[in-house]
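The values are calculated or read from the model by the stated rules, or taken from the named source; none is laboratory data. All figures in this text were calculated on a predicted structure; none of them were measured in a lab. For neighbour counting, all protein chains shown are included, and Cβ atoms are generated from backbone atoms with ideal geometry for every residue, glycine included.
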Amino acid sequence: MPPLDLVPLAALLALLVTAYVHPRARTELGIGVLAAAATLATGILGGAEVEEVLRQLGPVVLFLVTILVVADVCARAGVFAAAAERVRAASGGAPVRMFTGVFLLAAAVTAVLSLDATVVLLTPVVVVATAAARTSAAPGSHACLRMANSASLLLPVSNLTNLLAMPHLSLTFGAFALTMAPVLLAVLVVEYAVLRLLFRRELATPAPVGGPGHPAPAGRPPPLEPVPLAVVAAMLVGFAVGSPFGVEPCWISGVAALVLVLWARHRGLVSWRQAGHAAHPAFAVFVLCLGVVVEALSVGFLGDLVADLVPGGTSYLDLLAIAVLATVLANLLTNLSATLLLVPMLAPLGDTAVLAALLGLNIGSGLTYTGSLANLLWRRTLVRMGSPPSLAGLHRVSLVATPLSLVVAVSALAAVAAF
């Protein structure tokens, strides 16, 4: 390994530790900038390469900022709480029906508003709603985590990994969704069956409300606001309509965010400062810095190592190998870093190879806490609610669901590609 490669490697380790610890925004921003500065000081990347990285990441980061604002306003308007309350009411207190409703709700929120909305904004109201229904919170909270990763396959905007991959695909927004829809359907069947099996005892007997892991239900949530729902629906239509014309999703989500913030300010739900905080600008800069560091590694020894492991074709076994490689990289580097490193190498093999990588980067990232930042945010959310999940409990689910879902997803993708 050339000595200069040690600098971006150390920078990446520092960024990963920072992501796992999730310190205050100023600390996160400072470490990100220092890591990128140290990497640039090595001269591994030229000015043109840095400019290209920022050009590719810019629209993705802008989308992240705006969709976080959209999700935050929806939460402040009581959309998630009202939806969870309706699931609880429709279940009639039956644990299985409550779990099924939560499972489908988590999948829908992930697909439309991204996985971060599911783990940070939906999970807390699901825990409260299941407690109000006198059922165990564990099946619903784990459904949120599993759907945050696995249900992010459907749309390019469901996960930053998908958005990062889009420039390397010849698919429009609609074509991506049509290709991945049958894959997601197969994955949802597997995930649902596994969760029903593993939590059969919790779903067979209603749990008492109150006590550790079952907070007392909060007051009745506000009515389901029509304005946020209409704006989000219009945003999705905008994504589909704008994609064939090369309109980046960030511009559409930006308009949606602005409309919602203006509406929420009129209703007294949010201030400009709160909207700015919801955008998490420090994390946006952190992602840009991560892109610079990973780009430096990709032109060095790590890129050579991964390139040697990339299959040379798109047969079923090749697609499975790509998905497994993506899974391993995601759990070692986080799925965001792994996407930046792996997807450009797979682009010459065509769309199917890149989509196979996304299976590992999305589904596979649910294997361990280190697979994605969403996993860590989910744990942090439950800890703050006084319901810390156990490491054994996480892996009891992930070690069964992830491999099965991954194999089924690859099989479905291969069938779609053959058709």
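Some notes on this structure:
- Selected residue [modelled with pLDDT under 95, buried (at least 24 other Cβ atoms within 10 Å of the Cβ) and not in a helix (DSSP H, G or I)] from Thr130, Thr135: Thr135
- For Ile31, the requirement of being in contact with a helix residue (DSSP H, G or I) (Cβ under 6 Å, 6 or more places away or on another chain), β-branched (Val, Ile, Thr), at negative phi and outside any helix (DSSP H, G or I) is not met.
- Residue within segment 67-82 that is over 16 Å from Val232 (Cα atoms) and either touching a helix residue (DSSP H, G or I) at 6+ places or on another chain (Cβ under 8 Å) or part of a loop (DSSP other than H, G, I, E, B) (or both) present: yes
- Residue selected from segment 96-125 under the condition over 11 Å from the mean Cα position of the chain (by Cα) and polar (S, T, N, Q), by the criterion farthest from Arg200 (Cα to Cα): Thr123
- Condition check for Ala90: over 24 Å from the mean Cα position of the chain (by Cα), in a helix (DSSP H, G or I) and over 17 Å from Leu297 (Cα atoms): yes
- Selected residue (only one of Ser141, Ser114, Ser91 is modelled with pLDDT under 95, surrounded by fewer than 24 Cβ atoms within 10 Å (Cβ to Cβ) and of a type in the set (Ser, Thr, Tyr)): Ser91
- Scanning segment 239-249 for residues that are crowded, with 18+ Cβ neighbours inside 10 Å, closer than 11 Å to Gly174 by Cα and not polar (S, T, N, Q) returns a single hit, Phe239.
- Pro59 passes every criterion in (1) touching an Asp or Glu at 6+ places or on another chain (Cβ under 7 Å); (2) surrounded by 23 or more Cβ atoms within 10 Å (Cβ to Cβ) apart from (2).
For (1) touching a His at 6+ places or on another chain (Cβ under 8 Å); (2) touching a residue at least 24 places away in the same chain (Cβ under 8 Å), each residue gets a yes or a no:
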{"residue": "His22", "(1), (2)": "no, yes"}
{"residue": "Glu28", "(1), (2)": "yes, yes"}
{"residue": "Leu40", "(1), (2)": "no, yes"}
{"residue": "Ile44", "(1), (2)": "no, yes"}
{"residue": "Glu51", "(1), (2)": "no, no"}
{"residue": "Leu54", "(1), (2)": "no, yes"}
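- Breaking point among (1) surrounded by fewer than 24 Cβ atoms within 10 Å (Cβ to Cβ); (2) within 25 Å of Thr179 (Cα to Cα); (3) of a type outside the set (Gly, Ala, Ser), for Val397: (2)
- You will find that of Leu188, Leu145, the residue that is within 20 Å of Ala415 (Cβ to Cβ) and assigned to a helix (DSSP H, G or I) is Leu188 and no other.
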